[in-house]
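*Asks:* First, the structure itself, so that you have it in front of you.
The values are calculated or read from the model by the stated rules, or taken from the named source; none is laboratory data. Treat the numbers as computed from the prediction; the structure is a model and nothing was measured. Neighbour counts run over all protein chains shown; Cβ positions are idealised from the backbone, glycine included.
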């Protein structure tokens, strides 16, 4: 009877949020997953250029994503307090924050070529990456305005709507990218630039559909009723105080993977391409972990808003258990069926591909271990976000990735001749230390919520 109560009161509510959000994460990651497949068919140079753009875009996108995640944190707490007016003010200021943050990101995209050259990237790769980035820039405003709206809906806890929207957006994205990369349905073949234009077209179409849906739905329209009103921003500073540390934390982590891509290029362009395949799967499954962490954040926000402290604490451990179990299954798949995974990108029967296939297998073997630890680490991020603690997570990300993972990985890969897997072993060490620091922080923060 006790187990049934635990399942109904603690596990089921979290899973109702986590499963749609995890599916949303898989759906979102399908964009870069399929674009890696499309660009691989255009040749190794195009794939290498695409890897630079995807991780640069990811680095900048997560700054905005992290900042905008503050919306769902505040909305979750206000939803737990049943404060609809407060939710509407957060929604209005969250959209304003999205506009303010996306402008410098667009400017950077237009002027990135000198940075690529500074890091020693070949001119042919830089030229390809430039066309991709310029095409992507035109869709960023639509992309992140829509994201701000979805963060409001996520804070309320309506995860299924977010899943439905992302299915539409990703379907449009993959379809338009395929059409414009390869020149289908009478359109010219834009090559790598077609991937950028496909995202731009799909982002604007999806954003317009979302706006129409919100305006036509009374349940959601009420939360956006202040968007066009000239009211002094009341939640903007709190959003920035919570969101910017999260944005920089995500930036620190994704920028690390961008740096990893550059470092792999120092070994060889083939290793850079092999690493992109490993990162392709990392992105696919880590998106599910970020979704579980989001569910933990929202669930904890609801419970803390309702003053149910004990249940809020249990959410952390349930989330860790779900993440670790899922990523253990993924690890088994990496170790048991690497050739099957690699065959999606490369012809494993072609003798010319045997060296890169061997390199990908070696990266996936270490990545399997890293992803188990990383799943736990990301869940702890979600728990601390639910407590509105975002500055410590930023500090641990800097220490674990830039002070441990990168220098240790560089030592192993370059000086000790371990090659690409050396960088991944450095990441395993960094993520492990981060888990220990974050769990200790969580216990300390929870003590502050209990009386006495």
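*Asks:* Within the group 142, 195, which residue is surrounded by 17 or more Cβ atoms within 10 Å (Cβ to Cβ), in contact (Cβ under 8 Å) with a residue 40 or more places away in the chain and more than 30 Å from residue 385 (Cα to Cα)?
*Replies:* Exactly one residue qualifies, and that residue is 195.
*Asks:* Only one of these conditions is not met by residue 273: (1) more than 25 Å from residue 65 (Cβ to Cβ); (2) modelled with pLDDT under 75. Which number is it?
*Replies:* (2)
*Asks:* Might you check whether a residue that is modelled with pLDDT under 85 and closer than 30 Å to residue 306 by Cβ occurs anywhere in the range 110-124?
*Replies:* Scanning the range 110-124 turns up no residue that is modelled with pLDDT under 85 and closer than 30 Å to residue 306 by Cβ.
*Asks:* If you don't mind, there's one more thing I want to ask. Have a look at 360, 356, 344, 372 and point out the one that is under 23 Å from residue 261 (Cβ atoms) and either part of a loop (DSSP other than H, G, I, E, B) or free of Cβ contacts under 8 Å to residues at least 12 places away in the same chain (or both).
*Replies:* None of the others qualify; the one that does is 344.
*Asks:* Shifting gears a bit: Can you find a residue that is surrounded by fewer than 16 Cβ atoms within 10 Å (Cβ to Cβ), at pLDDT 85 or above and within 24 Å of the chain's Cα centre (by Cα) anywhere in the range 226-245?
*Replies:* Checking the range 226-245: not a single residue is surrounded by fewer than 16 Cβ atoms within 10 Å (Cβ to Cβ), at pLDDT 85 or above and within 24 Å of the chain's Cα centre (by Cα).
*Asks:* Going by what's in this entry, would residue 262 be described as out of contact with any helix residue (DSSP H, G or I) (no Cβ under 6 Å at 6 or more places or on another chain), touching a residue at least 12 places away in the same chain (Cβ under 8 Å) and surrounded by 23 or more Cβ atoms within 10 Å (Cβ to Cβ)?
*Replies:* Considered against the rule, which asks whether it is out of contact with any helix residue (DSSP H, G or I) (no Cβ under 6 Å at 6 or more places or on another chain), touching a residue at least 12 places away in the same chain (Cβ under 8 Å) and surrounded by 23 or more Cβ atoms within 10 Å (Cβ to Cβ), residue 262 comes out as no.
*Asks:* Here is a further query. I'm trying to understand the selection: among the residues of the range 59-79, which are modelled with pLDDT of 75 or more and over 10 Å from residue 247 (Cβ atoms)?
*Replies:* Answer for the range 59-79, where residues must be modelled with pLDDT of 75 or more and over 10 Å from residue 247 (Cβ atoms): 71, 72, 73, 74, 75, 76, 77, 78, 79.
*Asks:* So for the range 404-420 (the condition being at pLDDT below 85, within 27 Å of residue 311 (Cα to Cα), out of contact with any strand residue (DSSP E or B) (no Cβ under 8 Å at 6 or more places or on another chain) and surrounded by fewer than 19 Cβ atoms within 10 Å (Cβ to Cβ)), does at least one residue qualify?
*Replies:* no
*Asks:* Six or more apart or on different chains, Cβ atoms under 7 Å: show the pairs whose first residue is in the range 112-133 and on the phi < 0 side of the Ramachandran plot and in contact (Cβ under 8 Å) with a residue 24 or more places away in the chain and whose second is surrounded by 12 or more Cβ atoms within 10 Å (Cβ to Cβ) and part of a loop (DSSP other than H, G, I, E, B).
*Replies:* Here the result reads 133/112, each pair linking the range 112-133 to a residue that is surrounded by 12 or more Cβ atoms within 10 Å (Cβ to Cβ) and part of a loop (DSSP other than H, G, I, E, B).
*Asks:* Sticking with this one: Confirm whether residue 82 is at positive phi and without any contact (Cβ under 8 Å) to a residue 12 or more places away in the chain.
*Replies:* Answer is yes for this residue.
*Asks:* If you go through the range 377-403, how many residues are modelled with pLDDT under 85 and either outside any helix (DSSP H, G or I) or buried (at least 24 other Cβ atoms within 10 Å of the Cβ) (or both)?
*Replies:* 7
*Asks:* Right, next: Out of the helices (runs of 4 or more DSSP H) lying entirely within the range 53-138, which hold 1 or more residues that are under 20 Å from the mean Cα position of the chain (by Cα)?
*Replies:* Filter on the range 53-138 gives 84-110, 123-137.
*Asks:* Let me ask another. Determine whether residue 318 is out of contact with any strand residue (DSSP E or B) (no Cβ under 6 Å at 6 or more places or on another chain), in a helix (DSSP H, G or I) and free of Cβ contacts under 8 Å to residues at least 40 places away in the same chain.
*Replies:* Judged against the criteria, residue 318 is not a match.
*Asks:* Against the definition (assigned to a helix (DSSP H, G or I), out of contact with any helix residue (DSSP H, G or I) (no Cβ under 9 Å at 6 or more places or on another chain) and either within 25 Å of residue 242 (Cα to Cα) or in contact (Cβ under 8 Å) with a residue 12 or more places away in the chain (or both)), how does residue 440 come out, yes or no?
*Replies:* yes
*Asks:* Would you pick out the residues in the range 412-421 that are part of a helix (DSSP H, G or I) and without any contact (Cβ under 8 Å) to a residue 12 or more places away in the chain?
*Replies:* Result: 415, single match.
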